[in-house]
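The values are calculated or read from the model by the stated rules, or taken from the named source; none is laboratory data. Not measured: the values here are computed from a predicted model. Virtual Cβ from ideal backbone geometry, glycine too; neighbours counted across all protein chains shown.
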Amino acid sequence: MAVEARLSLVRESFSLAVEFTLPGRGVTALFGPSGCGKTSLLRTLAGLEPQARGYLKVGDAIWQDGAFSLPPHRRSLGYVFQEPSLFAHLNVRRNIEYGLRRLPRHAERPSLERAVALLGLEKLLERKPHQLSGGEQQRVAIARALAVNPAMLLLDEPLAALDEARKAEILPWLETLHRALAIPVLYVSHSRDEVARLADYLLLLEEGRLRAAGPVDQLFARLDLPLAHQPDAETIIQGRVAGHDPEYELSWLDFSGGRFLLARNHLPEGSPVRLQVKANDVSITLARQQDTSILNIFPAVVEALAEDDKAKVMVRLMLGKQPLLCRVTRKSAADLELVPGKKVFVQVKSVALLL
Amino acid sequence: MFAEQDLQALWLSLKLASLTTLILLLLGTPLAWWLARSRWRYRFVLEALVALPLVLPPTVLGFYLLVALGPEGPVGQLMQSLGGGPLAFTFAGLVVGSVLYSLPFVVQPLQNAFQSIGQRPMEVAATLGASPMDRFFSVALPLARPGFLTAAVLGFAHTLGEFGVVLMIGGNIPGRTQVISIAIYDHVEALEYGSAHGIAAGLLLFSFVLLLAVYGLNRRWSGAASWR
């Protein structure tokens with residue numbers, strides 16, 4: 001059920017032209033500054049932009065081919081808009097059932113219960129939209145989109161209209177979805193943190209063009225992309241829980257370049273985890289420090305350097321196959337004679353567990 | 001309490017207003033929907049035409065209708081060639097006149113209601129598998145409910161109070177074209193103030209109660225029907 005897209009959309013002051021393929025499952029983040037065409041691309045995928053041209057194939061179905069465009073109501077998709085956009089005249093149950101009642105006769109009947117349970121809406125079913133909080137409304141909107149068992153799920157900044165508390169309320173649900181769904185999910189966001197937490201793949205948009213596409217952990221660590229030069233630039237590391245140390249209340253997390261020691265979590269052994277290391281929390285030494293409080297020290301090879309600003313340099317290191325970003329001053333880089341290929345040690349001051 | 005002729009006029013007025021409102025809701029809904037959605041650059045011309053009866057003296061509208069519907073007029077000629085009689089001085093003629101006269105009172109509230117729904121709910125319905133027709137009936141109509149109530153009541157009440165147009169094209173034939181407002185006028189002309197009072201006060205009360213019901217209902221609905 002992969003997605004193949006080659007789409008263009010021309011408007012008076014803006015044009016979109018992108019080409020990409022997506023795997024059959026996993027969350028792809030559409031990331032970029034506002035006005036770069038994220039929402040337009042999502043609307044084009046849904047068939048809501050009649051001027052769009054190009055080619056779009058989702059699974060085995062052709063949704064767009066040249067001027068032919070399958071109308072939105074014939075596309076098997078779920079769309080969650082920025083605002084919840086619930087039907088005000090229907091209660092929660094009828095909102096969720098709206099799409100279910102319109103499925104083609106031969107379609108597999110997904111259960112309302114699954115969508116309701118996935119988003120924890122059991123107690124809200126008989127309420128009207130205006131009796132719900134913003135976060136609850138958005139959860140209903142997500143359940144409504146999911147209830148039809150779509151071939152693709154499109155989420156347009158579903159957290160943008162919510163305050164921090166409501167965001168925190170919904171994020172866990174989205175993380176659940178991320179693991180539970182076997183369809184491609186496209187997630188528009190301009191929040192790096194959301195992308196780091198939720199996305200597997202990244203489409204980086206700039207002024208209606210695709211700047212880069214690929215797995216999130218790879219793109220976050222690429223020095224030629226703006227992501228690696230933001231003040232809070234970070235590396236994302238996929239790992240696995242290797243075990244727990246009850247004596248010091250720590251957990252061991254293995255990744256391809258070694259083993260992290262982290263404050264204890266309660267995940268079972270073998271659970272996949274996603275770790276986040278801020279580039280500002282990494283430092284470089286030429287010899288392995290012995291008398292230090294830092295637990296996470298790894299041998300590494302300098303792969304590349306890129307000027308960050310006048311005083312700072314971003315260093316891309318390789319820990320085996322795992323890239324790691326480290327921000328140092330230009331003076332330190334010169335003093336340590338950091339050049340590509342040089343063998344060093346990295347000290348990671350802190351690691352965050354994302355998921 | 002009321003004379004036979006007054007009751008006849010009242011009945012005729014109610015019949016005329018009901019029929020006119022029904023026709024206007026049927027014709028006005030697609031017209032209002034089109035006006036609310038269309039991006040045609042000359043849409044404003046049609047909007048101006050629809051609003052014309054708001055500012056036109058009823059006698060002007062009535063005069064041109066009389067000319068058009070009479071035996072020499074284009075509509076009259078057409079009716080005769082189809083085997084019918086001219087519409088002037090008939091109940092059918094009154095219905096045609098009332099539909100034109102009350103058109104903006106029905107179309108404008110409907111157009112406003114459709115416009116205030118916005119594009120979003122329709123797009124949501126489309127992504128959930130609803131065809132354009134389905135979206136209209138399952139989303140646009142229910143969300144425009146307060147607009148329909150306002151449109152129906154304004155159209156009905158405005159037709160009930162019609163005077164100038166009716167007088168021009170219908171004359172004053174008791175039982176056939178004499179409506180309630182003309183009956184009041186006749187009583188006043190004949191200095192029968194008591195009878196005029198009876199009908200006038202009845203109409204006043206009726207109109208007030210009707211509007212009271214509309215505003216009350218709209219207030220109740222607005223809590224649940226506002227789009228958030």
note = Those residues of the range A:5-51 that are in a strand (DSSP E or B) and among the acidic types (D, E) come to a total of 1
note = If you go through B:A92, B:A9, the only one that is in a helix (DSSP H, G or I), closer than 21 Å to B:L160 by Cβ, among the small types (G, A, S) and without any contact (Cβ under 8 Å) to a residue 24 or more places away in the chain is B:A92
key: Test: B:T20 is in contact with a Ser or Thr (Cβ under 7 Å, 6 or more places away or on another chain), of a type outside the set (A, V, I, L, M, F, W, C) and closer than 22 Å to B:L167 by Cα   = yes
query = Name the pairs whose Cβ atoms lie under 6 Å apart, with the first residue in the range A:264-287 and over 16 Å from A:L336 (Cβ atoms), the second acidic (D, E), and 6 or more positions between them or separate chains?
reply = A:R264/A:E249; A:Q276/A:E234; A:K278/A:E234
remark   = Contact list, first residue from the range A:65-76 and more than 8 Å from chain B (Cβ to nearest Cβ) and within 13 Å of A:Q51 (Cα to Cα), second anywhere and hydrophobic (A, V, I, L, M, F, W, C) and surrounded by 15 or more Cβ atoms within 10 Å (Cβ to Cβ), beta-carbon distance below 6 Å, six or more apart or interchain, is A:L70/A:W63
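Going by the structure shown, is A:A52 more than 14 Å from every other protein chain (Cβ to nearest Cβ) and under 19 Å from B:Q119 (Cα atoms)?
yes
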task = Only residues that are outside any loop (DSSP other than H, G, I, E, B), among the small types (G, A, S) and within 11 Å of chain B (Cβ to nearest Cβ): list them for the range A:137-171, please.
result = A:A141, A:A145
request  = Run down A:R94, A:R127 and say which single residue is of a type outside the set (A, V, I, L, M), free of Cβ contacts under 8 Å to residues at least 12 places away in the same chain and within 14 Å of chain B (Cβ to nearest Cβ).
outcome  = A:R94
task = Kindly check whether there is at least one residue in the range B:131-153 that is under 23 Å from B:L7 (Cα atoms) and at pLDDT 90 or above.
result = yes
task = State whether one or more residues within the range B:161-180 are more than 30 Å from B:L66 (Cα to Cα) and part of a loop (DSSP other than H, G, I, E, B).
result = no
message = What's the number of the only condition in (1) surrounded by 17 or more Cβ atoms within 10 Å (Cβ to Cβ); (2) within 13 Å of chain B (Cβ to nearest Cβ); (3) in a loop (DSSP other than H, G, I, E, B) that A:P104 fails to meet?
response = (1)
ask   = Which residues, counting only those in the range A:328-344, are part of a strand (DSSP E or B) and either modelled with pLDDT of 95 or more or out of contact with any Lys or Arg (no Cβ under 9 Å at 6 or more places or on another chain) (or both)?
value = A:K343, A:V344
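Results for (1) at pLDDT 85 or above; (2) surrounded by 13 or more Cβ atoms within 10 Å (Cβ to Cβ); (3) β-branched (V, I, T), shown as yes or no for each residue.
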residue	(1), (2), (3)
A:R109	no, no, no
A:E113	no, no, no
A:V116	yes, yes, yes
A:K123	yes, no, no
A:G134	yes, yes, no
A:V140	yes, yes, yes
ask   = In the range A:218-237, how many are crowded, with 18+ Cβ neighbours inside 10 Å, modelled with pLDDT under 90 and not aliphatic (A, V, I, L, M)?
value = 1
key: Selected residue (only one of B:P142, B:P121, B:P146, B:P109 is farther than 30 Å from A:L154 by Cα, within 14 Å of chain A (Cβ to nearest Cβ), surrounded by 15 or more Cβ atoms within 10 Å (Cβ to Cβ) and out of contact with any Pro (no Cβ under 8 Å at 6 or more places or on another chain))   = B:P146
query = Going by the conditions given, is A:A88 in contact with a Ser or Thr (Cβ under 7 Å, 6 or more places away or on another chain), more than 9 Å from chain B (Cβ to nearest Cβ), farther than 19 Å from A:L155 by Cβ and of a type outside the set (D, E, K, R)?
reply = no
Residues within the range A:204-222 that are farther than 20 Å from A:S256 by Cβ and either touching a Lys or Arg at 6+ places or on another chain (Cβ under 9 Å) or in a loop (DSSP other than H, G, I, E, B) (or both), tallied = 5
task = Might you let me know whether the range B:191-213 holds any residue that is outside any helix (DSSP H, G or I) and either modelled with pLDDT of 85 or more or more than 14 Å from chain A (Cβ to nearest Cβ) (or both)?
result = yes
query = Within the group B:A126, B:A130, which residue is outside any loop (DSSP other than H, G, I, E, B), within 14 Å of chain A (Cβ to nearest Cβ), under 30 Å from A:L154 (Cα atoms) and small (G, A, S)?
reply = B:A126
inquiry  = Take A:T292 and tell me if it is at pLDDT below 95, over 28 Å from A:V216 (Cβ atoms) and touching a Phe, Trp or Tyr at 6+ places or on another chain (Cβ under 7 Å).
reply    = no
message = Exactly one condition in (1) in contact (Cβ under 8 Å) with a residue 12 or more places away in the chain; (2) of a type outside the set (D, E, K, R); (3) within 14 Å of chain B (Cβ to nearest Cβ) is false for A:V116; which is it?
response = (3)
task = Look at A:A180 and say whether it is buried (at least 21 other Cβ atoms within 10 Å of the Cβ), closer than 26 Å to A:L77 by Cα and touching a helix residue (DSSP H, G or I) at 6+ places or on another chain (Cβ under 7 Å).
result = no
